[in-house]
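Working notes for the structure below.
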Amino acid sequence: MTTIDTGAVPVSGSNARYRTCKFTGLRIESNAETLIKANAVAAVVFLMLGGLMGLGVALTRWPAVQLLPADWFYLTLTGHGANVLLFWILFFEIAILYFASAVILGARLAAPKLAWLAFILMLGGALMANYAVLRGDSTVMFTSYPPMMATQWFYLSLIIFAVGALLAVILFFATLVIAKSEKTYNGSVPLVTFGAITAAIIAVFTLASGAIILIPTWLWSLGLISGIDTLMYKVIWWGMGHSSQQINVSAHVSIWYAIAAMVLGAKPLSEKVSRMAFFMYILFLQLASAHHLLAEPGLSSTWKIVNTSYMMYLAVLGSMIHGLTVPGAIEAAQRRNGFNRGWFEWLTKAPWGNPAFAGMFMSLVMFGFIGGISGVVLGTEQLNVLMHNTIYVPGHFHGTVVAGTTLAFMAGTYLIVPLIFQRDIIWPTIAKWQPYVFGLGAGGISMFMMGAGTLGVPRRSWDISMTDATHAYEFPAAAYLMLGLNGVSAIMAAIGGVMFILVVVFSILAGPKLSVAGAKLHFPLHDKGREAVSEYGSEEHPKLPGTIVLVTLFFICFVLYYFVNWKYLSELWLFN
Amino acid sequence: MAITPPSNRLWYKEPIQAIELGWIILAFLWGLFMFFFMIAWHFIGDQNLSTETYRVTTDAYEARVEAFAEEFQKKDAEGNLVEEEGVPVVAPPEGGDVYILARLWEFWPVVELKKGVAYRIHLSSVDWQHGFSLQPTNINLSVHPGYEHVFTLTPTESGPFGIVCNEFCGIGHHSMTGRIRVVE
C-alpha cells in the first residue's frame, strides 16, 4: 500500500531485520513487531481483567442484583479503574506508538532492550497495583484522594508503571529521530504518525503530572511527609487523570484515520486542517485538569472558565474538526470507490461487515454524540453543579473511553492481528458482530448512567436505597430503572468483550497463517492503496452532502442539549 | 492516504476545503459563544458557585458547628429541644450563617431554612473528602477537610431535602446522608 521505503538505504552498523508486508507494502522491523505484539497482548490481558471487574461493578449497582458485598464492590471498582483506564489503554497506546513510528515510517525501533525494560516496568507496575488492590488495604478508588490513604505498594506501583510508560514514549521519539536520520521516509511524517506524536507529547505532560503528585503521596504513605493538601492533590492529579484522556483522543482519532485509509483508501480532506486540529490538542488539552474541579472551594471562577473551556474551546474545536474530516474523508473515498448515488449510498454501502470499519465508525459516532456533547456540558463552569460526582460523570467518560477509545482500539486490533501477528481472523462471523454487540452495550452503559446521574444518583455508591443511613432519602423509581438498564447494557458489553478476546486470542494462536504464499485476508484492505501513495495526501474538490447532513445533525443536538441544561440550572435554588 | 506522507513538504501551505472552512468558522463561533456565556451567567444568572473559602483546622471547624447547633437548636411548643433521628434540628436566624459539617458518615446537624431567604452556608469536612449532593434539587459540591467553603443559598421550594454523599469516603459511603428542611 505504500512505497515510503523507496530510496531507503539500510544503514550499516545496525543489525535490524526487516520483512515487507505483502498486503500493505510496509517495511516492518522484527524488534518493533515483537514489542508491538507484547504490548498488545498485555493490553488485552488487562482489558479482560478490568472488564470482568467492570461487569461486577455494574451488576452490583443494579439494585435488583447487587452482586458483590460492599467491601468487594469498592475494591473491585478501584481495580476496574486502574486496569482499564490505565493499563489496557496505555499498553495499547504504546503498541500504537511503536506502530506509528517504526512500522508506518519503515524504520527500526530505537533501543529495543530499553523498550523491553519499559515493558517490564509497566507490567511489573500493573501487577503490583493489582496485588495492592486485592490485598484489600488500597480501596481508595482510582483517584486516591487524600487524606484517605492506600498502602505504599499502590502508589509505588503506579509510579513504576508511569516510569515505564514514559520510557516507552521517549523511545517513540527516538525512533522518529532514527527514521529521519536514516531517511526511511521523505517530507513530513504521515498524518497518523502526526496524530501519534500529538498523543506522545500529551503523554509526557500527563505522566510527569502523575509523577509530581504520586511521588510525594507515596512518601506520605511511608510516613516521611506529614500531609498532602487535598486541593493541591486534585489540581495536579487531574493534570494526569483528565489530561491523559487526551492521549486516548489523539490515539483513537489517529486510528480512525488509519482504518479509513487502510480499509477504504481514504485521504484527509486537507492535510492542513487535520494537522491543525491535532496541533490544537497539544496547545490546549492540558488544561483539562479543571474539569473535575468546578465544584471545588478555593479556585477562582476565572481559572475555572479559562481552563475548563480549554481556552475558549479551542481543543473542542479540534475535535469538532475531526468530527467533520473523518466522515468527510470516508465519504470522499467511498464516492471515489463508486458509491456515488444520492446522499448516503457511500454510508449504506460501506463495509459494515468488516469489524475494523464498523467499530471505527461506531466509535466516531458515539464519541461525538455521547462522550463529546456530554463532556462539554459537564465541563461548563456553572452546569457542572448539576452533575458533579453523580453517576453522570462515569456515564460521560464511558462514552469517551469505552464507546470511543476502546471500541476504536478493538477495531484497530482487527488490522494488527493480520498485519503484525500475520494470522487471519479465525472466526469472521463472531468478529463481524463483535463491534455491534460491544458498541451497543457501551453506548447503553453511557446513556443509562447519564440518565441516572441527572436524577441525582451518586457515583461510586454501593447502595442507593441507603438502608443504613440516619436520614432516609428515596431516589425516584426511574433511577432504579436506569441502573437496571445499565446492568443489562454492561452484560451486553461484556459479551462483546468476551467475543473480542476469544477472536483475538484464538486468531493469534490458531488463525490461518498469512505468511504462506497466496494467503488472502478475510477482511480485505483497499486495493488502490499503492496508487494513492504517489498522489498528494489531500482530496481534490470532494462533494460531501452526506457529511454535511451528519455534522448539521450533530450541531443541532449539541446546541439543544446545551440549552436544556441551562434551563435546568436556572430552575435550581439560588446560590452564589 | 493518511498513513503515507504528503509528497509536499509544506502541508501547512495547502488550501483548505470550503466545507472545512465553513465548519471551522461555525464551530469556532459556537465555542466563543459557550465561553462568553459562562462569563455572562455571572452577571445574568443566579447560580454561580461562590469562591469564598477559608483555611480552617478540622478541630476548630467542628467546635464552631457544635456551638452553632447549641445556640440555635429548635425548641418545640413545650420548650423541648427538637431532634430528628437523634440529630439536633437547628433553625438559624433568617439570613444568618449556617454551619454544616461532613464526617464519616453523616452531614451534621439537620438545618431548617425558610423558603425565599438567603443564608450564608459554611461547609467543610472534619475527616476525609466528601460530596455534598442536595436531592432532589441536584446541587452537587465537593467538601474538603481544612477548607471552609462559604456560599449564599436561597431555597426556592419547601419540604424535606436529602443530602447524599457523592464522594467516595470509605465503607460507609453509601449510608452517608443529611437533611435540610425548608419551611414556608
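Every number here is computed from the coordinates shown, using simple stated rules; none is lab data. None of the values given here were measured: they were computed from a predicted structure. Glycine also receives a Cβ, built like all others from the backbone with ideal geometry; neighbour counts cover every protein chain displayed.
Relative to the Cα centre, the charge distribution of the protein assembly as shown, modelled as +1 at Lys and Arg Cβ and -1 at Asp and Glu Cβ, gives a dipole magnitude of about 3620 debye. Descending by average beta-carbon neighbour count within 10 Å, the peptides A:458-464, A:344-350 line up as A:458-464, A:344-350, the highest first.
Taking Cα atoms, how many degrees apart are the long axis of helix A:477-510 and the longest axis of chain A, rounded to 10 and kept between 0 and 90? Computed tilt is about 30 degrees. DSSP assigns beta bridges within the stretch B:51-183; of those with both partners inside it, close to 70 percent run antiparallel. Working note: Karplus 6.51/-1.76/1.60 with θ = phi - 60° gives the stretch A:404-419 the couplings x, 5, 4, 5, 5, 5, 4, 4, x, 4, 5, 9, 5, 4, x, 7 Hz, where Gly and Pro are set to x. Taking θ as phi - 60° and the Karplus parameters 6.51, -1.76 and 1.60, the scalar couplings of the stretch A:191-198 work out to 4, 5, 5, 4, x, 5, 5, 4 Hz in sequence order, x denoting glycine and proline. Taking a straight line from the alpha carbon of A:K272, these lysines sit under 22 Å away, with near neighbours fewer than eight places off in the same chain left out: A:K180, A:K543, B:K13.
Amide hydrogen proximity for B:V110: with H placed 1.01 Å from N in the peptide plane, the residues at 5 or more positions away or on another chain lying under 5 Å are B:V90.
Please compute, over every Cα-Cα pair in the stretch A:69-211, the percentage with a separation greater than 28 angstrom. It works out to 27 percent of all Cα pairs.
The peptide list A:473-485, B:115-127, put in order of mean Cβ contacts within 10 Å with the highest first, becomes B:115-127, A:473-485.
Each stretch of four or more DSSP H residues adds -39500 (n - 2.57); spread over every residue of the protein assembly as shown, this sum gives -17500 deg cm²/dmol at 222 nm.
A:L572 sits among other residues whose Cβ lies under 12 Å from its own Cβ, and their net charge, with Lys and Arg +1 and Asp and Glu -1, is -2. Give the distance, in whole Å, between the Cα centre of the stretch A:383-427 and the Cα centre of the stretch A:333-369. Result: 18 Å between the Cα centres.
Inside 10 Å of the C-beta atoms of A:380-391, what's the mean count of C-beta atoms belonging to other chains? It would help to have the intermediate numbers written out before the result.
Details: counts 5, 7, 8, 3, 3, 8, 5, 2, 11, 11, 7, 1.
Per residue, the average neighbour count from other chains is 6.
Return, ordered by residue number, the residues of the stretch A:278-295 whose backbone nitrogen is under 13 Å from a label point located 7 Å along Cα→Cβ of B:Y12. Those under the cut-off are A:278-280, A:283. Remark: mean inter-chain Cβ contacts per residue of B:47-59 equal 5, using a 10 Å Cβ-Cβ cutoff to other protein chain atoms. For chain A, relative contact order (Cα pairs under 8 Å, six or more residues apart, normalised by length) works out to 16 percent. Note on A:L481 and A:W303: the model spin-label points, each 7 Å out from Cα along the C-beta direction, lie 4.3 nm apart. The spacing between the stretch A:269-297 and the stretch A:158-185, judged by their C-alpha centroids, is 23 Å. Distant-in-sequence amide contacts of B:V182, defined by a placed amide H-H separation under 5 Å and a gap of 5 or more residues or a different chain, comprise B:L113, B:G159, B:F161. Take A:419-426, A:295-302 and order them by the average number of nearby Cβ atoms within 10 Å per residue, most first; the result is A:419-426, A:295-302.
So for the protein assembly as shown: antiparallel DSSP bridges make up what percent, rounded to the nearest 5?
The antiparallel fraction comes to roughly 70 percent.
Take the Cα radius of gyration of chain B and divide it by 2.2 N^0.38 Å, with N its residue count; two decimals is plenty.
Relative to the rule-of-thumb radius for its length, chain B sits at 1.53.
Near A:I213: Cβ cut-off under 13 Å, other residues only, Lys/Arg at +1 and Asp/Glu at -1. The net charge is 0. Tell me the angle of helix A:112-135 to the major Cα principal axis of chain A, expressed in degrees between 0 and 90 and rounded to the nearest ten. Relative to chain A, helix A:112-135 is tipped by roughly 30 degrees.
Calculate the mean, over all residues of peptide A:309-320, of how many other protein chain Cβ atoms lie within 10 angstrom of the residue's Cβ.
What the average comes to for A:309-320 is 4.
The alpha carbons of chain A occupy a box of 74, 58, 46 Å along the principal axes, longest dimension given first. The 3J(HN,Hα) values that the Karplus relation (6.51, -1.76, 1.60; θ = phi - 60°) gives for the stretch A:170-185 are, in residue order, 4, 5, 4, 4, 4, 5, 4, 5, 4, 4, 5, 6, 8, 6, 7, 8 Hz. Gly and Pro appear as x. Shape class of the stretch A:231-343 from the Cα gyration tensor (axes a ≥ b ≥ c, square roots of the eigenvalues): prolate, since a/c reaches 1.5 or more and a/b is larger than b/c.
Taking +1 at the Cβ of each Lys and Arg and -1 at the Cβ of each Asp and Glu, which of A:L67, A:F172, A:G124 sits farthest along the dipole of the stretch A:64-202 towards its positive end, judged by Cα position relative to the Cα centre? Final value for the positive-end residue is A:F172.
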